[in-house]
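Quick notes on the structure that follows.
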Amino acid sequence: MCNLYSQTKSQDAMRHVFDDLLEDGERLIDETGNLPALSGIWPDYPAPIIRSGADGWRLCMARWGMPTPPKYLEGKKTDKGVTNIRNVASPHWRRWLGVEHRCLVPFTSFSELDQRRGAPRNSPVWFALGEERPLAFFAGLRTEWTSVRKLKEGEVTTELFGFLTCPPNAEVAPVHPKAMPVILAKPEDWRIWLTAPSEIALTLQRPLSDGMLGIVAEGVREDGG
């Protein structure tokens, strides 16, 4: 599973890459404040997402990790969240497949632990759409949820997100043969994911085309680009 990624582009870049998707009367509201480059985003870290809102599209912050299915929380005092979502047919996830719960998760690179023969244990391999780390998006789900994420924090109500996974493509498979994130690299796919009926949007849960990803770093816990 992808449990580490980076987003190092500016807020301005995240806002303006979305400009061509706005239809008449739509706008994107930036609620993130002064957002620094995030060269290492881990589970339960706050990170930017683009989602719908009552007054337009919103660029806002959310914590990485959707609510865990109850059967996995028995006997536990905290819910650390689920970062990667594969089985969208599960009743637990179906409730969040509507347009009001879909989001785009901006990223510039993501890592998978290296499972190639002879690789050092727990060594990250970073993938991106090019050496310059162009901005792209994961297909995400989000919700507002009340739970105990950390004992010292107590019960909190917060915005949460996770993103879909799918079988790996040719570049990811040798490193991580089980799965990769669902990556949306085309503006038309961004719009479909945010606005289309679920049966159409979920056709995007597929590997990125072979040849579009490359390894840009190895063995490091952050990727500043």
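The values are calculated or read from the model by the stated rules, or taken from the named source; none is laboratory data. All values reported here derive from a predicted model rather than from experimental measurement. Glycine also receives a Cβ, built like all others from the backbone with ideal geometry; neighbour counts cover every protein chain displayed.
What the table below lists for this structure:
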| read-out | value |
| --- | --- |
| Only one of LEU22, LEU38 that is out of contact with any His (no Cβ under 6 Å at 6 or more places or on another chain) and at pLDDT below 95 | LEU22 |
| Scope the range 31-48; condition within 17 Å of LEU160 (Cβ to Cβ) and not in a strand (DSSP E or B); matching residues | GLU31, THR32, TRP42, PRO43, ASP44, TYR45 |
| Single match in LEU4, LEU38 (criterion: within 17 Å of the chain's Cα centre (by Cα), over 19 Å from ARG142 (Cβ atoms), buried (at least 16 other Cβ atoms within 10 Å of the Cβ) and not polar (S, T, N, Q)) | LEU4 |
| Flag if ARG142 is surrounded by 20 or more Cβ atoms within 10 Å (Cβ to Cβ), part of a loop (DSSP other than H, G, I, E, B) and either of a type outside the set (S, T, N, Q) or out of contact with any Asp or Glu (no Cβ under 6 Å at 6 or more places or on another chain) (or both) | no |
| From THR83, THR32, residue being in contact (Cβ under 8 Å) with a residue 24 or more places away in the chain, over 26 Å from MET180 (Cβ atoms), touching a Pro at 6+ places or on another chain (Cβ under 7 Å) and among the β-branched types (Val, Ile, Thr) | THR32 |
| Number of the exception - SER90 against (1) over 19 Å from ARG221 (Cα atoms); (2) buried (at least 16 other Cβ atoms within 10 Å of the Cβ); (3) polar (S, T, N, Q) | (2) |
| Selection count, the range 2-29, where residues are farther than 28 Å from TRP126 by Cβ and either among the basic types (Lys, Arg) or assigned to a loop (DSSP other than H, G, I, E, B) (or both) | 6 |
| Per-region count, the range 55-95, residues part of a loop (DSSP other than H, G, I, E, B) and out of contact with any Gly (no Cβ under 9 Å at 6 or more places or on another chain) | 14 |
| From GLU159, GLU131, GLU155, GLU171, residue being in contact with a Cys (Cβ under 9 Å, 6 or more places away or on another chain) and of a type in the set (D, E, K, R) | GLU159 |
